[in-house]
Structures are given as C-alpha cells and as structure tokens.
Amino acid sequence: MTLPGKVGDSSVTTRSDPHPQARQSLRVACIAAACAAMLLAAGCGEKKEKGASQTAAKVNKEEITVHQINFVLQQQRGLRPEQADAASKQILERLIDQELAVQKATDQKLDRDPRVVQQIEAAKREIIARAYVDKIGETASKPTPDEVRKYYDEKPALFKERRIYNLQELAIEAKPEQVDGLRTKLAEAKNVNEFVDYLKANDFKFAGNQAVRAAEQLPLASLDNFARLQDGQAVLQPSPNGAQVIVLVNSRSQPVTLEQATPAIEQFLTNDRKRKLVEDDVKRMRGEAKIEYVGKFADGAASAPAAAPAPAPAPTASLPAAATQAAPAASGGLDSDTISKGMRLK
C-alpha cells in the first residue's frame, strides 16, 4: 500500500482559500469577533494592557500572522531554539513573497484555472488522508522492553555483531540472459582484477566505485548475506541495467549495545505497527466499500495484485553519534582513485 505523502513545502498551504469573496467573509467575521471582544472588555470595566499583535506583516490589504510563521517553523526539523528568531524572519520574508504571488495570481484569476483547482483539490485530499492515517497510527502501542530485546537478539548483524564494510562496487551493463554467465565468471575468477579483465576482454561496459557502509546503511533484506562475507569475497546481484558486483575489501567490528539501540528499535517497531494498522484498516475499508472499475480499468482489475507494503528501513538509522561517527575510518585510507587503480579501471 502506498500511503499519502507530504504535500510540498508546508508554507504553500498557509492560505488554502484563493477566492476573494471567501477571504472577505473571513475578514468580516474576524472584525465582528474582535468588536465583540472589545465591547465585552469595556463592559466589564477592566483596564488591561493591549496584548501583543498577532500580525507579523501587512501586504497591501492582507495580513501575515504569527500563527502562519509558527506553523511553518514547526515543520523545520532539527532547528535549535537559538535559531528560531532568525528562522522566523526568513520564513516571514518567504510568506511575504508568497502572498504577493497569491495576490497577483488572484488578480489574474489563476485561482480559477482548472489545473490550479485540480492541484488544490489533490493537495486537500492528501492532507485529509494523511490526517486520518496519523489518527490511526496514534493507536499503536509502544513496544515492551522484552520486545525490544527480542528484536535486538534476532538481528545480531545489525547490533552486537555490527560491522563497518569497505566495499568496491561494479555496475555492469548487461542483458538479462548474460547475468548468469557473469555470476559464473565471478565465481571462477581468482580475484576481482581477473574478473575486470574478463569484462574488458568481452566489451562489457562497467563503472567502479568505492563505498563505506555501516550495517544499518545496507538493505535490511540483504544484511545477513553481507554479514556472512569474508574479506575479499564478492557477490553479484541483478540490477535494472544488468548486474552489480560488490566486493568486500575489508571490514571491522563496531557493535552496538542494547542500551544504545533501544530508542531506535522502539521507534522502528512503533512505526512498523503504525504501518500495519493502516494497512489493515484500508484492507477492511476496501472490503466494506463498493468499488466498481469502469472503462479500460475494468479489464483485469479483479486479478490485479495488491500493492506491496513499503519495506521498512533499518532501525539503526538513528543510532547514537558515538556508534556512527567512526564509520568513515573503515575506509582504510583508500580513496576512489586508489580503488580504481587497484581494480585496473585506469
């Protein structure tokens, strides 16, 4: 299942009603509410200091409010408290530019353009669907310490036997029927240089690259296979354009303790439960709904395979800095030029 995603820059949604009449009605309602509040305060005879204005700027006859700035500010991940003031000023300038564009577009009646209306409706649907998905996800229970430990113990290559891998990669252009032959030649070769010589002799197009990968940066489904490799061994796997050969140059151990891994495992398991809750709920709703495919979409609709759930990323993507900062040292000082020469690519 493909879940609804985020909709562009969050600042774009700060004004969702492009119609002048609607905005005029909103202003009238706000003025009426403000007048009522002033009359109420005067009737009570209270003397209070004037509160801080919620208006951050006025663009012609329109206002940009502090609430709009705060909404965009909340979307900025990793923003430190001391950066908030500077970020707020930058956001305000962006909102001013945006408001000017909105006003000009409205004057030119671009808000009535069928393509624009369609995009607005699509964004609205995504936002509402995301809100529902988030609400369903809120019911997911937090994993227990026993569940966290169980996951930790079941994934030794990711945690207590975690390694940093120094890899050489070969991307080979080949036809699907040539892949098995390449796999056989790789198995027969004494080393990667001999295999590279074979590729050159048979006019295969290929490119080499060096990469340093920690265990959590490898595909979770392939991690156990990588963990079984010894230094100098290689694996070949099909790719859209042919095949990819990965050679393990060397590796070193860098385990992660249960204490270090616990926050990331908890987040991973929670997200996985949210995903399953949403998938089950959508499956239930599909079962209860009357869905009729029409026209060309009716052909083969009943036999169409269900969308596969998105694979979950490795849970240690947020490991403590102490567990990840040393990863680049695993390269052993080999840069891409050295690797290329060693593989006879130059």
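The values are calculated or read from the model by the stated rules, or taken from the named source; none is laboratory data. These numbers come from a predicted model, not from an experiment. Every residue, glycine among them, receives a Cβ derived from its backbone with ideal geometry; neighbour counts consider all protein chains shown.
Worth pointing out:
- Among (1) exposed (fewer than 15 other Cβ atoms within 10 Å of the Cβ); (2) at pLDDT below 50; (3) over 30 Å from D281 (Cα atoms); (4) not β-branched (V, I, T), the one test that G8 misses: (3)
- Condition broken by E126, with the remaining ones in (1) among the charged types (D, E, K, R); (2) free of Cβ contacts under 8 Å to residues at least 12 places away in the same chain; (3) closer than 30 Å to L220 by Cα satisfied: (2)
- Filter pass, A140 being more than 23 Å from V278 (Cα to Cα), modelled with pLDDT under 95 and of a type in the set (A, V, I, L, M, F, W, C): no
- Failed criterion for A56 (all others in (1) more than 30 Å from T262 (Cα to Cα); (2) assigned to a helix (DSSP H, G or I); (3) touching a helix residue (DSSP H, G or I) at 6+ places or on another chain (Cβ under 8 Å) hold): (2)
- Annotation note: of L248, L223, the sole residue that is under 14 Å from R163 (Cα atoms) and either among the charged types (D, E, K, R) or within 26 Å of the chain's Cα centre (by Cα) (or both) is L223.
- Selection status of A101, within 23 Å of A261 (Cα to Cα), of a type in the set (G, A, S) and part of a helix (DSSP H, G or I): no
- Contact annotation: residue pairs with Cβ atoms under 9 Å, 6 or more positions apart or on different chains, pairing a residue in the range 230-256 that is without any contact (Cβ under 8 Å) to a residue 40 or more places away in the chain with a partner that is part of a loop (DSSP other than H, G, I, E, B) and not hydroxyl-bearing (S, T, Y), are V235/L229.
- K160 vs. criteria among the charged types (D, E, K, R), assigned to a loop (DSSP other than H, G, I, E, B) and either surrounded by 11 or more Cβ atoms within 10 Å (Cβ to Cβ) or on the phi < 0 side of the Ramachandran plot (or both): yes
- Single unsatisfied condition, N166 versus (1) modelled with pLDDT under 90; (2) buried (at least 18 other Cβ atoms within 10 Å of the Cβ): (1)
- Put simply, of K190, K274, K205, K185 the only residue that is on the phi < 0 side of the Ramachandran plot, among the basic types (K, R) and in contact with a strand residue (DSSP E or B) (Cβ under 7 Å, 6 or more places away or on another chain) is K205.
- When each of A131, A123, A140 is tested for being small (G, A, S) and either closer than 30 Å to A215 by Cα or touching a Leu at 6+ places or on another chain (Cβ under 9 Å) (or both), the lone residue that passes is A140.
- Qualifying positions in the range 94-119 - surrounded by 11 or more Cβ atoms within 10 Å (Cβ to Cβ) and either acidic (D, E) or within 23 Å of the chain's Cα centre (by Cα) (or both): D97, E99, D111, D113, Q119
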